[in-house]
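See below for the structure under consideration.
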């Protein structure tokens, strides 16, 4: 009788523990976002679009100035397995058109590596693999779960996940050799489903609250 009671008690404890683990996983906003957006199913992703770009500099008097350019074509490739990103951007300023080709690695100098870390699925996948800190905040009338982790020595990323388990923005900072400390924010809007994974069709990057890139995404392809 005692043996049966002990076995019953052990089974009950195991069921409770398993249920608590499952509930904890279901309640984890980061895990829910990864599942909702399909980040766990990705090995590589290609996207394309167009939009507007704004670059910053200083004039002869030391005042900050901005240059506007039309983004005629934006091609982005992210390899989540090899942890690298490549962009090919065609810009037009008045009658001058030029193409910028860049490959970005996560361990590049931070001001360049940011372009890799601001991919939404990179952020979510990397946050899962690290000891990310989570907290709830109220920002501009919206409740978010903020997920924070250190991407490299001295450089931290903070991602804002809403109540629908969707990543809405990522913030970080970097030191510009000319303009000084810059706060960078990438917002992700109009997420759409592309054959099993979701990707934002509007991305807006800001530095010190001023837009530097407005990108409308039209095509997305991925490898699982």
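Only one residue in 192, 131, 185, 221 is more than 16 Å from the chain's Cα centre (by Cα) and at pLDDT 95 or above, so which one is that?
Sole residue among the options that is more than 16 Å from the chain's Cα centre (by Cα) and at pLDDT 95 or above: 221.
From the residues in the stretch 75-100 that are part of a loop (DSSP other than H, G, I, E, B) and out of contact with any helix residue (DSSP H, G or I) (no Cβ under 9 Å at 6 or more places or on another chain), which one is surrounded by the fewest Cβ atoms within 10 Å (Cβ to Cβ)?
Taking the candidates together, the pick is 95.
Within the stretch 108-135, count every residue that is touching a strand residue (DSSP E or B) at 6+ places or on another chain (Cβ under 6 Å) and either loosely packed, with under 13 Cβ neighbours inside 10 Å or not in a helix (DSSP H, G or I) (or both).
Of the residues in that region, 7 qualify.
Restricting to the stretch 77-98, what's the tally of residues that are at negative phi and without any contact (Cβ under 8 Å) to a residue 12 or more places away in the chain?
Residues meeting the conditions: 4.
Hey, can you tell me all the residues within the stretch 52-64 that are in contact (Cβ under 8 Å) with a residue 60 or more places away in the chain and either within 19 Å of the chain's Cα centre (by Cα) or closer than 17 Å to residue 182 by Cβ (or both)?
53, 54, 55, 56, 57, 58, 64
The values are calculated or read from the model by the stated rules, or taken from the named source; none is laboratory data. None of these values were measured; they are calculated from a predicted model. A quick note on method: Cβ atoms are made from the backbone with ideal geometry, for glycine too, and the neighbour counts reach across all protein chains shown.
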